[in-house]
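K.L.:
I'd like to ask some things about the structure below.
The values are calculated or read from the model by the stated rules, or taken from the named source; none is laboratory data. Just so we're clear, the structure is a prediction, and the values are computed from it rather than from any experiment. FYI the Cβ positions are ideal-geometry reconstructions off the backbone, even for glycines, and counts take in every protein chain you see. Note: areas computed on protein heavy atoms with side chains; ligands, DNA, RNA excluded. Shrake-Rupley method; radii C 1.70, N 1.55, O 1.52, S 1.80 Å.
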Amino acid sequence: MGMTISQIEASLALAADLDQCRAGFGALLARADLPAAAATEIRRRHAEPHRAYHDAAHVGLLWLRHLLHGGDPGDRDLALAILFHDAVYDPMAKDNEARSAALLATLVSGDTGWAQQAILATADHMAYAGADCRVLRLLDLDLSPLAERPAAFARNTAFLRREYAAVPEPDWRAGRRRVLERFAAAPAIFRTRLGAAYEVQARENLAAEINSLAVAA
């Protein structure tokens with residue numbers, strides 16, 4: 001069953017309320033049921049000063065959207081994957097996802113294999129060719145901010161620019177345009193039923209920013 005218009009509106013409204021998203025982080029942390037030391041560490045990491053976009057509000061938003069889209073509130077593996085997928089975040093590094101998966105294995109005992117593999121898939125959303133519906137759900141949730149209302153989308157772009165403050169403006173614009181054009185070229189950005197809520201607005205946002213970057217080049 002697809003989402004109603006009111007549910008889609010509620011989902012998009014979440015992103016405008018960063019306090020609510022941070023509360024979602026608390027709910028996500030509770031569902032992950034981490035040892036005390038691990039919970040302290042994951043809180044510390046998501047509060048690192050260099051994070052503007054990839055912070056507690058981001059992962060909290062993904063968990064709240066998972067629930068709003070009728071996702072299983074008891075899915076601990078997915079909760080761990082969402083919580084840890086940006087646990088290691090250095091904007092200039094190429095191995096954040098591998099290090100995040102390794103951190104999960106270090107901090108959480110038991111079988112975390114599925115969550116680790118799901119985290120690795122977020123290294124390149126468009127490259128994932130598997131058919132695991134829960135991995136695809138994680139990827140779609142992580143890409144759902146591409147479909148925010150224009151004001152929230154612009155805010156997120158500004159947050160990302162802050163994270164890449166060390167990158168000169170021309171290089172930032174060129175890199176940002178390459179990333180967005182790759183998403184725009186995909187036959188479908190979203191590969192689960194979440195696409196019904198996000199695909200159209202995401203493509204509108206992508207087209208507008210790609211055009212803006214082209215004009216400014």
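K.L.:
Tell me the per residue accessible area of the chain using a 1.4 Å probe; a whole number in Å² is fine.
P.N.:
Using a 1.4 Å probe on heavy atoms only, each residue of the chain averages 46 Å².
K.L.:
Taking 8 Å as the Cα distance limit and 6 or more residues as the minimum spacing, I'd like the relative contact order of the chain as a percentage.
P.N.:
That works out to 21 percent.
K.L.:
From the alpha carbon gyration tensor of the chain, can you work out the equivalent ellipsoid semi-axes (sqrt of 5 times each eigenvalue) and give them in Å, largest to smallest?
P.N.:
Working: eigenvalues 134, 86, 56 Å².
In descending order the semi-axes read 26, 21, 17 Å.
K.L.:
Also: Suppose every Lys and Arg Cβ carries +1 and every Asp and Glu Cβ carries -1, with no other charges. What dipole size does the stretch 36-182 come out with about its Cα centre, to the nearest 20 debye?
P.N.:
Numbers: 19 positive and 20 negative charges, 102 e Å.
The calculated dipole for the stretch 36-182 is roughly 480 debye.
K.L.:
What are the extents of the Cα atoms of the stretch 122-217 along their three principal axes, listed from largest to smallest and rounded to whole Å?
P.N.:
Taking max minus min along each principal axis of the Cα atoms, the stretch 122-217 gives 38, 24, 21 Å.
K.L.:
Now for a different question. Could you grab the Rg to Rh ratio for the stretch 1-69? Cα atoms only, Kirkwood for Rh.
P.N.:
Rounded to two decimals, Rg/Rh equals 1.04.
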